[in-house]
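Here is the structure we will look at.
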Amino acid sequence: MVEVRLENLKKYFDRGRVKAVDGVNLTIKDGEFLVLLGPSGCGKTTTLRMISGLETPTEGKIYFGDRDVTYLPPKDRNISMVFQSYAVWPHMKVYDNIAFPLKVKKYPKNEIDERVKWAAELLQIEDLLDRYPAQLSGGQRQRVAVARAIVVEPNVLLMDEPLSNLDAKLRVAMRAEIKKLQTKLKVTTVYVTHDQVEAMTMGDRIAVMNKGHLLQVGPPTEVYLKPNSLFVATFIGAPEMNIVDATVVENDGLFLEGNGFRIRLPDDFRELLEGYIEKDVLVGIRPEHMTVKGVSTLEHVTRTAEIEGLVDFVEALGTDTIVHAKVGENIIKIKIPGHVPLPIGENIKIEIDLDNIHIFDRDTEKAII
Amino acid sequence: MVEVRLENLKKYFDRGRVKAVDGVNLTIKDGEFLVLLGPSGCGKTTTLRMISGLETPTEGKIYFGDRDVTYLPPKDRNISMVFQSYAVWPHMKVYDNIAFPLKVKKYPKNEIDERVKWAAELLQIEDLLDRYPAQLSGGQRQRVAVARAIVVEPNVLLMDEPLSNLDAKLRVAMRAEIKKLQTKLKVTTVYVTHDQVEAMTMGDRIAVMNKGHLLQVGPPTEVYLKPNSLFVATFIGAPEMNIVDATVVENDGLFLEGNGFRIRLPDDFRELLEGYIEKDVLVGIRPEHMTVKGVSTLEHVTRTAEIEGLVDFVEALGTDTIVHAKVGENIIKIKIPGHVPLPIGENIKIEIDLDNIHIFDRDTEKAII
Amino acid sequence: WMGLPLVVSTLYAFGTPDDYYNPHRIIPLHFTLETTKMLLFTLGGWEALKNSIIVAILAIIISFALGLPAGYAIARFIFPGKDTIKLGMLALKVFPVPIMAVPLVMLYIRLHLIDTLLGVALAHSAGSLPLVVLITASIFSGTSAELEEAGMVFGLTRFQSFLRITLPLALPGLAAAAMFTFVGSWNEVFAASVLTFSHRTLPALMLTLMETAPDYYKFAAAFIMAFPAMIYVAVAR
Amino acid sequence: WMGLPLVVSTLYAFGTPDDYYNPHRIIPLHFTLETTKMLLFTLGGWEALKNSIIVAILAIIISFALGLPAGYAIARFIFPGKDTIKLGMLALKVFPVPIMAVPLVMLYIRLHLIDTLLGVALAHSAGSLPLVVLITASIFSGTSAELEEAGMVFGLTRFQSFLRITLPLALPGLAAAAMFTFVGSWNEVFAASVLTFSHRTLPALMLTLMETAPDYYKFAAAFIMAFPAMIYVAVAR
């Protein structure tokens, strides 16, 4: 249980041709649950492996508290790890799997027994201790892997997409359990995933990575509501944020003009959009920050705008409905709670929450607003 | 575009030792989107393969309209199929892949060209026609597979978990697209999946299978709100339906008594529970059919009951919150809209919607109510 | 380093006998085609070379005609005794060939196959058959069954689907298996020596020469022997 | 059917010479251990058997000592020239052995390895080394790297993790590879004949006997030769 600090961490493969991790600076607080989120190949797993010591950085430093561990082998870091494939040793019984880290560290026999029992109880696998991993289901193996990881009270607990091999149902259940466990043990945790739902529900903070770079770090709601770039905005949230081309126009007020719509922006946007008058930008709005007028109303909103559209398709999700609306040449998705039976082809008025509108620079793809 | 009728369909493997499909009776209406839903190994894929002709039934009949096709080879059934691995032929260009079914059926060259263009346009892959499959992403290959399947106007369109190899995001997008396409083409469709969200959002009707048997067939809402067995009840819905042991007690009114709770049942339950007085049953309630008193209210409910609990853990999902409550020895999950910051350990009153309570026979696991 | 003996052989193969027997010359400096010519035309080398090629090609045809369907069946279908067959194939490879020699010769005399190229090819096919079955089985398991089934769904019979979809995809692997069969037959000495006297293949001829001919003939023969190996290496690159 | 020649050999191996030369008896009815005894004790068969076993075991030790680390490196690490090495290994298998014979004998004489069991074992190791490297590489690729890394994370060095986690998991595969090396060495004739005169292995001895001894000795020798194959089949079942 320490603070973990990454300083300008880099890892190049193939003689510098592949920059897996390219200058990451990140401090993971003591006891924090940090989620490293990003698409496959973004460098999140490589970052995790450098923290574990399984991979040596090309450049940069890793600190556990004040201790420089950059070049220490894994065994000297007092870390634990839950692997994507679980990596439960098939030639050892469940008990021996969990006891292994303690045996290696030469704990007395009765303490080993005590701690294995404790970990097994926490994960509800007391009945499986005598079995071999081949006799277990995927979910049970996963529990064994977690029990093995917490049995030693590690400095840092590392998890590499631990839920990705479970089926959807089990994933939902384990998500809550792992989070509960971490809250109880208060161990500094780095959790790697490409699943934004996992990230949103489990992380104290989320660190979004892409192409070896760290894009944004912050609590889930902040990353969700205030994405700093187009990538973060579209990667988080399902259905995806709607992104549309538009031009900023100043004409007796500030407007966003695009194919089939024209939105009047509040005056306090003026300062931020200073340099973008008459320029093309990208406008983003999440499906849940819009509604169809006369069908539902947006709650807790102060300022709205209205555009017109045409119902193209209606997707019933049970508790929610996704309306696919045609606005000019674009298809825009609107998420409305409950069951909404809109006829296809109908003309609708779409209400937009202006406080949750995002505007991105076309070239840098950074958020302006 | 025909009606498909399965009559007492059976498929045994390994000389009768494995009963993959064990007596399925099912009529798929002309133009209907039917989803075969079930866990892996439940026989849903084997059923699909028998409809396609790739597998020959051990017993039973398959009709397309009035035509008995039970023993016809696939090529004589005029069906199309989208495979789980897409099965796009790697040694042919995208164009040739899509044109293949037409070439085999000896369509004139200009009509082939026309139809391939039409299908490619529908799936937005006009730009890819000249590429080889190896140059495409998973999502693009998927589109090619779908284009190839619709290019011939098949009697029946069969889909074998077509979205299971896509990432979460793409899956959500393709789900809507496939449904949109089917609505447009009105082709009789059998769609196999183990993902209950896909089933709920895409199917006109859902057929739930388990262990080779067909358990329930009906529209999504019916299967969701009125499951006929414990399996259907727990397989559909996330988080899962809460299942708790209880005893039916008659004592100046009808009660359900269990560990830490006692619920008074309305009098109109009496007739259905006739034979279960003083007997053990299983009680099921969905997380969204309960709420925490003072935090939120249930909408559109007529009759409620109240039990007491203790907050064990709170899982924030962004738009919803899952409260894990301890009731007696059981952990019960309650889904509440919005963000609910309940302190762990707090005593709460849980309100239950009595019209959405389910009671199952302990032995047969069939629904009583 | 593995190329070294090859280079030396090549040098010696084209060196003159004088250079070879000159103790002060480690590397021959005078090159001649005489030795090779002598070997090829006078000592029956040319004939043996032709025999070797014919036998190898016949062996490929026979072992593929039998082994390819078997490999396909093992890869695609489930049938009783499948594992036993696969095990038997491996066990066959472990058996020493000499044990078969006497019964084989007796059988061949009865079938009038003795001293024919077809006979040698049959013996070589028997040797390479297990390998062909196992390799083709693994190649066909590697090509997705769904691709073939997609062909059947979209209007082909199983056999048409095999020809038009699976076979083109399996071709590179099958070519490699054919190459191995060729080389196996090319290098095989024992059966070729026992089963022929007048229609010798190249290695069988070499074995005879080994005891009688001067060393530089051996190098020339070795050079010819190594030829397909060199082609293989060049192609594989 | 593949067991038939084996049964016949076994019968002939223990049949009496009288029965063997009696044209009216296809299957011998009088059994004797005389032939086998004669072969083993008088003609040096026992000595050759011992030599064969020693050579095979030495070949296993040498080829594994070199091949196992190489296989592990190929499976686990990425390094330049890796594919070239794998290709080279395969190419080596394609090369005919006879081409090496003369330089090898010359080298052995210089190193005083000629006519020693170690020398033969070295030659056999060279033959089986590529196979051992390729097989161990595929075995180690088959055992998950994450299992080994888990060992490192939970307190072991890489070498300890290899010993305690990867090796036990790879053992069945390695045993099969050792078996193949054993059988390869056991059946190998050419190198064994060329490199030894007094310390002959069993197949080399057999080759000598082939030309001189009566047929029933051959069957007895064949029976002894086939012994490990029989054990292999019995174990594999």
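So, C:ILE135, is that one aliphatic (A, V, I, L, M), under 21 Å from B:PRO133 (Cβ atoms) and touching a helix residue (DSSP H, G or I) at 6+ places or on another chain (Cβ under 6 Å) or not? Spelling it out, it is not the case that C:ILE135 is aliphatic (A, V, I, L, M), under 21 Å from B:PRO133 (Cβ atoms) and touching a helix residue (DSSP H, G or I) at 6+ places or on another chain (Cβ under 6 Å).
Could you tell me how many of the residues in segment A:1-18 are among the aliphatic types (A, V, I, L, M) and in a strand (DSSP E or B)?
Of the residues in segment A:1-18, the ones among the aliphatic types (A, V, I, L, M) are A:1-2, A:4, A:6, A:9, A:18.
So of that shortlist, the ones also in a strand (DSSP E or B) come out as A:4, A:6, A:9, A:18.
The total comes to 4.
Applying the set (1) within 30 Å of B:THR189 (Cα to Cα); (2) open to solvent by less than 40 Å² (accessible area, probe 1.4 Å) to B:VAL292 leaves exactly one unmet item: (1).
Residues in segment B:211-232 that are of a type in the set (S, T, N, Q) and within 14 Å of chain A (Cβ to nearest Cβ): B:THR221 alone. Flag: D:ALA91 does not match the condition of being open to solvent by less than 50 Å² (accessible area, probe 1.4 Å), at pLDDT 80 or above and more than 28 Å from D:PHE197 (Cβ to Cβ). Taking the conditions (1) part of a helix (DSSP H, G or I); (2) within 10 Å of another protein chain (Cβ to nearest Cβ) in turn, A:ASP113 satisfies each one other than (2). The test for being over 21 Å from the mean Cα position of the chain (by Cα) and closer than 25 Å to B:HIS194 by Cα holds for B:LEU54. Residues considered: A:ILE62, A:ILE79. Of these, the only one that is touching a residue at least 60 places away in the same chain (Cβ under 8 Å) and within 22 Å of A:LYS11 (Cα to Cα) is A:ILE79.
Residues in segment A:241-264 include none that are free of Cβ contacts under 8 Å to residues at least 24 places away in the same chain, within 13 Å of another protein chain (Cβ to nearest Cβ), part of a loop (DSSP other than H, G, I, E, B) and open to solvent by 10 Å² or more (accessible area, probe 1.4 Å). Considering segment A:165-201, the residues that are within 13 Å of the chain's Cα centre (by Cα) and at the interface with chain B (Cβ under 7 Å from one of its Cβ atoms) include one that is least open to solvent (accessible area, probe 1.4 Å), namely A:THR201.
From the set of residues in segment A:325-354 that are within 11 Å of chain B (Cβ to nearest Cβ) and more than 27 Å from B:GLU299 (Cα to Cα), which is surrounded by the fewest Cβ atoms within 10 Å (Cβ to Cβ)? Talk me through it step by step, then tell me what you get.
So the first thing to find is which residues in segment A:325-354 are within 11 Å of chain B (Cβ to nearest Cβ), and the list is A:331, A:333, A:335, A:337-339, A:344.
Of the ones still in play, those that are also more than 27 Å from B:GLU299 (Cα to Cα) are A:331, A:344.
Working: A:ILE331: 16, A:ILE344: 12.
Among those that are within 11 Å of chain B (Cβ to nearest Cβ) and more than 27 Å from B:GLU299 (Cα to Cα), it is A:ILE344.
Determine which single condition B:GLU299 fails, assuming it passes every other condition in (1) more than 19 Å from A:MET174 (Cα to Cα); (2) modelled with pLDDT under 90; (3) touching a strand residue (DSSP E or B) at 6+ places or on another chain (Cβ under 9 Å). Failing condition for B:GLU299: (3). Within segment B:295-323, residues that are open to solvent by 40 Å² or more (accessible area, probe 1.4 Å) have Cβ atoms under 8 Å from residues that are aromatic (Phe, Trp, Tyr) in these pairs: B:GLU308/B:PHE261; B:GLY318/A:TYR224, counting only partners at least 6 apart in sequence or on another chain.
Would you confirm, using the coordinates I've provided, whether A:SER164 is among the polar types (S, T, N, Q) and in contact with an Asp or Glu (Cβ under 9 Å, 6 or more places away or on another chain)? Before you say what the answer is, go through the steps one by one.
Numbers: among the polar types (S, T, N, Q): yes; in contact with an Asp or Glu (Cβ under 9 Å, 6 or more places away or on another chain): yes.
Spelling it out, A:SER164 is indeed among the polar types (S, T, N, Q) and in contact with an Asp or Glu (Cβ under 9 Å, 6 or more places away or on another chain).
Within segment A:44-92, work out how many residues are part of a helix (DSSP H, G or I), of a type in the set (S, T, N, Q) and closer than 21 Å to D:GLY155 by Cβ.
We begin by selecting, within segment A:44-92, every residue part of a helix (DSSP H, G or I); these are A:44-52, A:74-76.
Keeping just the survivors that are of a type in the set (S, T, N, Q) gives A:45-47, A:52.
Now drop any that are not closer than 21 Å to D:GLY155 by Cβ, which leaves A:52.
The number of residues fulfilling the criteria is 1.
Cβ-Cβ distances below 6 Å connect the following pairs, each with a first residue in segment C:158-174 that is over 22 Å from B:LEU72 (Cβ atoms), a second residue that is open to solvent by less than 50 Å² (accessible area, probe 1.4 Å), and a separation of six or more residues or different chains: C:THR166/C:THR143; C:THR166/C:GLU148; C:LEU169/C:THR143; C:ALA170/C:ILE139; C:ALA170/C:THR143; C:GLY173/C:ILE139. Residues that are buried (at least 17 other Cβ atoms within 10 Å of the Cβ) and among the hydrophobic types (A, V, I, L, M, F, W, C) within segment D:145-166 comprise D:LEU147, D:ALA150, D:MET152, D:VAL153, D:PHE154, D:LEU156, D:PHE162, D:ILE165, listed in sequence order.
Does A:GLU274 satisfy the criteria of being farther than 22 Å from A:LEU37 by Cβ, free of Cβ contacts under 8 Å to residues at least 12 places away in the same chain and open to solvent by 30 Å² or more (accessible area, probe 1.4 Å)? Here the answer is yes, as A:GLU274 does meet what is asked. Count of segment B:81-109 residues, restricted to those that are facing another protein chain (nearest Cβ under 7 Å) and crowded, with 19+ Cβ neighbours inside 10 Å, is 6.
Scanning segment B:16-75 for residues that are within 14 Å of chain C (Cβ to nearest Cβ), among the charged types (D, E, K, R) and buried (at least 16 other Cβ atoms within 10 Å of the Cβ) yields B:ARG49, B:GLU55, B:LYS75.
For the condition of a type in the set (A, V, I, L, M, F, W, C) and under 29 Å from the mean Cα position of the chain (by Cα), what is the one hit in B:LEU310, B:LEU265, B:LEU342, B:LEU354? Break it down stepwise before answering.
Working: B:LEU310 fails: under 29 Å from the mean Cα position of the chain (by Cα); B:LEU265 fails: under 29 Å from the mean Cα position of the chain (by Cα); B:LEU342 fails: under 29 Å from the mean Cα position of the chain (by Cα).
Answer to the check: B:LEU354.
Inclusion of A:PRO133 among residues that are within 12 Å of another protein chain (Cβ to nearest Cβ), touching a residue at least 12 places away in the same chain (Cβ under 8 Å) and in contact with a helix residue (DSSP H, G or I) (Cβ under 7 Å, 6 or more places away or on another chain) is warranted.
Starting from residues that are touching a helix residue (DSSP H, G or I) at 6+ places or on another chain (Cβ under 8 Å) and modelled with pLDDT under 95, keep the ones in segment A:228-240 and report whichever is surrounded by the fewest Cβ atoms within 10 Å (Cβ to Cβ).
Quick first cut of segment A:228-240, residues touching a helix residue (DSSP H, G or I) at 6+ places or on another chain (Cβ under 8 Å) only: A:232, A:235-240.
Those still in the list that are modelled with pLDDT under 95 too: A:235-240.
Values: A:PHE235: 24, A:ILE236: 24, A:GLY237: 21, A:ALA238: 14, A:PRO239: 20, A:GLU240: 17.
By that ranking, first place goes to A:ALA238.
State all residues of segment A:338-369 that are touching a His at 6+ places or on another chain (Cβ under 8 Å), part of a strand (DSSP E or B) and among the hydrophobic types (A, V, I, L, M, F, W, C); if no residue qualifies, say none.
Within segment A:338-369, A:ILE352, A:ILE357, A:ALA367 meet the criteria.
Taken together, the residues in segment A:116-150 that are in a loop (DSSP other than H, G, I, E, B) and of a type in the set (Asp, Glu) amount to 1.
Residue selection: D:PRO130 fails the criterion of being surrounded by fewer than 19 Cβ atoms within 10 Å (Cβ to Cβ) and either within 11 Å of another protein chain (Cβ to nearest Cβ) or among the hydrophobic types (A, V, I, L, M, F, W, C) (or both).
The values are calculated or read from the model by the stated rules, or taken from the named source; none is laboratory data. No experiment lies behind these values; they were computed from the predicted model shown. Positions of Cβ are generated from backbone atoms using ideal geometry, with glycine treated the same way; all protein chains shown enter the neighbour counts. Remember, those area values only see protein heavy atoms, side chains included, never the ligands or the DNA or RNA. Shrake-Rupley method; radii C 1.70, N 1.55, O 1.52, S 1.80 Å.
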